[in-house]
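The values are calculated or read from the model by the stated rules, or taken from the named source; none is laboratory data. No experiment lies behind these values; they were computed from the predicted model shown. Heads up, the Cβs are rebuilt from the backbone with ideal geometry, glycines too, and the neighbour counts pull from every protein chain shown. These area figures cover heavy atoms from the full protein model, side chains too; ligands, DNA and RNA do not enter into them. Shrake-Rupley method; radii C 1.70, N 1.55, O 1.52, S 1.80 Å.
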Amino acid sequence: MISRKSKREVEQMQAAADVLVACHREIAKIIKPGISTIEIDNFVEGFLEKHGATPEQKGYNGYPYAICASLNDEICHGFPSEKPLEDGDIVTIDMVVNLNGGLADSAWTYAVGNVDEKGKRLINVTKEALYKGIKQAKPGNRIGDIGHAIQTYAEAEGFSVVRDFTGHGIGPTIHEDPHIPHYGLPNKGLRLKEGMVITIEPMINEGAWQSKMDDNGWTARTIDKGRSAQFEHQIVITENGPHIFTEQDK
């Protein structure tokens, strides 16, 4: 069932998103060669506790960490590790914050030190693809319009779009209907309505779009060792178009 959120629920989500955005901005300050993703995970736990919030995905279906930290060829759901990040790495930090029952979900790909030009392009195209998808998230449009905007842009830039993972509805639980593919045909799929809260979170690869699963049962990575980037925003569809809860570029 797809629920349309009340003004009170939207306000709760925005409060959680404000904490999440503040946390991502602090991560941006500390991420550099030599830091490990388990150190970032510990930092996030402490930051959320200090702000009266909790990491919602910790314990979700047995997931053991406060963040997902997906490095280089890892597409999503990477486990934090004690291995120090190296100059030239790219890493996606994804988290869900719970503040007094309101949920916020956002992922950001970070360049670690000096990343090569193709890596920078991958990051920039992925971020731009997200915003092209968000522009289509308005009442009367369909889910396919979001995916089509993302796919046509990313593929025209020479990259591929992961099919195995999608955006989703959110609140009061992490994953709700509808699923939001990041590929597809325009004017196809469910019609978008005011009050729907969804995540749009394209995962864009250097090489093939297909994924394979690590032995941990969580981490997906590219089949050809090409790098993958991801950006994710949580939005609510309003009569005036999409409102981004998790905007960092203000």
request  = Of the conditions (1) within 22 Å of G217 (Cα to Cα); (2) in contact with a strand residue (DSSP E or B) (Cβ under 8 Å, 6 or more places away or on another chain); (3) of a type outside the set (D, E, K, R), P33 clears all except one; give me its number.
outcome  = (1)
key: Subset of the range 119-137 that is of a type in the set (A, V, I, L, M, F, W, C) and in a helix (DSSP H, G or I) - its residue that is nearest to I235 (Cα to Cα)   = I134
inquiry  = Against the conditions (1) without any contact (Cβ under 8 Å) to a residue 40 or more places away in the chain; (2) closer than 20 Å to C76 by Cβ; (3) open to solvent by 30 Å² or more (accessible area, probe 1.4 Å), where does G158 fall short? Just the number, please.
reply    = (2)
message = Residue under question is K135, and the condition is that it be charged (D, E, K, R), touching a helix residue (DSSP H, G or I) at 6+ places or on another chain (Cβ under 9 Å) and open to solvent by 50 Å² or more (accessible area, probe 1.4 Å); does it hold?
response = yes
note = Taking the range 148-175 and keeping only residues that are within 15 Å of the chain's Cα centre (by Cα) and either assigned to a helix (DSSP H, G or I) or among the acidic types (D, E) (or both), one is left with I150, D164
note = Flagged pairs (Cβ under 9 angstrom, 6 or more apart or on separate chains; first in the range 102-118, touching a residue at least 40 places away in the same chain (Cβ under 8 Å) and in a strand (DSSP E or B); second open to solvent by 20 Å² or more (accessible area, probe 1.4 Å) and among the basic types (K, R)) are W108/K127; T109/K127
Counted residues, the range 39-79 - those being touching a residue at least 12 places away in the same chain (Cβ under 8 Å) and either open to solvent by less than 40 Å² (accessible area, probe 1.4 Å) or closer than 15 Å to D214 by Cα (or both) = 23
task = For the range 70-77, state whether one or more residues are part of a strand (DSSP E or B), within 16 Å of A229 (Cα to Cα), in contact with a Phe, Trp or Tyr (Cβ under 6 Å, 6 or more places away or on another chain) and of a type in the set (A, V, I, L, M, F, W, C).
result = yes
query = So which pairs qualify, if the first residue must be in the range 1-24 and of a type in the set (D, E, K, R), the second must be open to solvent by 40 Å² or more (accessible area, probe 1.4 Å) and outside any helix (DSSP H, G or I), the Cβ gap must be under 8 Å, and the two must be at least 6 apart or on different chains?
reply = R4/K193; R4/E194; E9/P172
query = Filter the range 176-223 for residues that are of a type in the set (D, E, K, R) and part of a strand (DSSP E or B); which is least open to solvent (accessible area, probe 1.4 Å)?
reply = E176
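Of everything in the range 1-36, what is charged (D, E, K, R) and part of a loop (DSSP other than H, G, I, E, B)? Give them in sequence order.
Within the range 1-36, R4, K5, K32 qualify.
In the range 120-147, how many are within 22 Å of G195 (Cα to Cα), in contact (Cβ under 8 Å) with a residue 24 or more places away in the chain and not basic (K, R)?
Of the residues in the range 120-147, 12 are within 22 Å of G195 (Cα to Cα), in contact (Cβ under 8 Å) with a residue 24 or more places away in the chain and not basic (K, R).
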ask   = Looking at T199, is it among the polar types (S, T, N, Q) and within 14 Å of G133 (Cβ to Cβ)?
value = yes
ask   = Scanning for something charged (D, E, K, R) and crowded, with 22+ Cβ neighbours inside 10 Å, does the range 95-106 turn up at least one residue?
value = yes
task = Check A66, A53 and return the single one that is closer than 24 Å to I235 by Cβ and under 16 Å from the mean Cα position of the chain (by Cα).
result = A66
task = Would you tally the residues in the range 110-125 being under 30 Å from E176 (Cβ atoms) and surrounded by fewer than 24 Cβ atoms within 10 Å (Cβ to Cβ)?
result = 3
ask   = Within the range 224-243, can one find any residue that is closer than 15 Å to C68 by Cβ, open to solvent by less than 50 Å² (accessible area, probe 1.4 Å) and out of contact with any helix residue (DSSP H, G or I) (no Cβ under 9 Å at 6 or more places or on another chain)?
value = no
